[in-house]
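What follows is a single structure, written as structure tokens, with notes after it.
The values are calculated or read from the model by the stated rules, or taken from the named source; none is laboratory data. Quantities reported herein were computed from a predicted structural model and do not represent experimental measurements. Backbone-built Cβ (ideal geometry, glycine too); neighbour counts: all protein chains shown. Just the protein is used for accessible areas: all its heavy atoms, side chains included, with ligands, DNA and RNA removed. Shrake-Rupley method; radii C 1.70, N 1.55, O 1.52, S 1.80 Å.
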Amino acid sequence: MRKWQAGWPWGLLSSPAAFKPSTAACLAPHWMEAVVNLYQSMAKLGDPRILGYPLMGSPLLMTSILLTYVYFVLSLGPRIMANRKPFQLRGFMVVYNFSLVALSLYIVYEFLMSGWLSSYTWRCDPVDFSNNPEALRMVRVAWLFLFSKFIELMDTVIFILRKKDGQVTFLHVFHHSVLPWSWWWGVRIAPGGMGSFHAMINSSVHVIMYLYYGLSALGPVAQPYLWWKKHMTAIQLIQFVLVSLHISQYYFMPNCNYQYPVIIHLIWMYGTIFFVLFSNFWYHSYTKGKRLPRAVQQNGAPGTAKVKAN
């Protein structure tokens with residue numbers, strides 16, 4: 001048996017003895033021990049500079065929030081609204097969307113000022129774990145980016161309260177639950193470096209997206225200014241291309257001292273997966289269906305797309 005197998009439950013499955021009742025009885029404790037050991041190993045990698053920020057002391061609170069979110073949007077919320085009229089929420093949506101425009105714009109600015117317009121090379125940029133002002137500024141904006149993802153859970157709550165259940169797709173829920181969970185680990189372990197590029201690009205796209213949603217929430221008065229809605233899906237696809245191209249540089253560099261390659265692999269994987277999913281959506285909605293691109297619905301304005309995942 002290989003050494004790496006010995007410490008994990010699936011190492012037990014490499015011999016017939018694995019199927020003995022005594023071994024099966026121990027399988028669950030082994031799994032629990034493996035999970036605990038993995039958590040402890042990852043906890044030791046946590047950046048001490050960020051441990052004092054809200055939500056960052058332990059993964060339990062943020063995991064509980066995300067599990068509650070999933071339960072509400074997939075089960076509790078639809079049942080609560082089943083025999084109720086949909087809420088309009090127009091005033092709330094105007095404030096909510098324009099607030100996220102301002103927040104996303106500020107996050108982009110802070111990412112730029114924290115390294116991307118100064119000390120970063122836009123190629124192999126390791127995480128700066130020092131306590132110099134620029135490095136600490138990067139820690140703050142990395143946390144703020146993560147925190148904004150928990151604010152954006154309200155996107156789906158709005159869908160549920162307005163009975164727009166068709167907007168609650170697998171892609172939407174996956175993006176708003178699994179990605180914040182994985183981002184939490186990335187921010188806790190490696191706040192900054194080349195892994196933060198995708199966060200900066202994502203926030204840039206959110207400036208445009210929430211601006212559109214905010215204008216849409218204003219109603220007919222803003223419709224003449226929404227001519228660019230047909231480009232929204234294309235902007236989302238460009239985002240994934242930029243992220244994948246940037247992170248792919250790592251695989252072609254003879255030497256890159258970025259500290260946590262697993263984060264690079266995850267970013268590349270997520271970027272590729274979302275590009276494929278959105279390309280498939282684009283094909284079936286706009287090419288095969290011969291329709292012009294029309295933006296995703298959050299606020300009830302005319303549109304055809306049912307994917308809002310960014």
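Per-residue answers, yes or no, for (1) within 21 Å of residue 205 (Cβ to Cβ); (2) of a type outside the set (A, V, I, L, M); (3) open to solvent by 20 Å² or more (accessible area, probe 1.4 Å):
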| site | (1), (2), (3) |
| --- | --- |
| 102 | yes, no, yes |
| 109 | yes, yes, yes |
| 112 | yes, no, yes |
| 164 | no, yes, yes |
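Of (1) under 30 Å from residue 139 (Cβ atoms); (2) at pLDDT below 75, residue 97 satisfies all except one. Which?
Failed condition: (2).
Tell me which residues, restricted to the range 150-162, are open to solvent by less than 10 Å² (accessible area, probe 1.4 Å) and either under 30 Å from residue 44 (Cα atoms) or not in a helix (DSSP H, G or I) (or both).
152
If I go through the range 132-141 residue by residue, how many of them are open to solvent by 10 Å² or more (accessible area, probe 1.4 Å) and in a helix (DSSP H, G or I)?
Summing the residues that are open to solvent by 10 Å² or more (accessible area, probe 1.4 Å) and in a helix (DSSP H, G or I) in the range 132-141 gives 5.
Among the residues of the range 225-237, is any modelled with pLDDT of 90 or more and surrounded by 21 or more Cβ atoms within 10 Å (Cβ to Cβ)?
no
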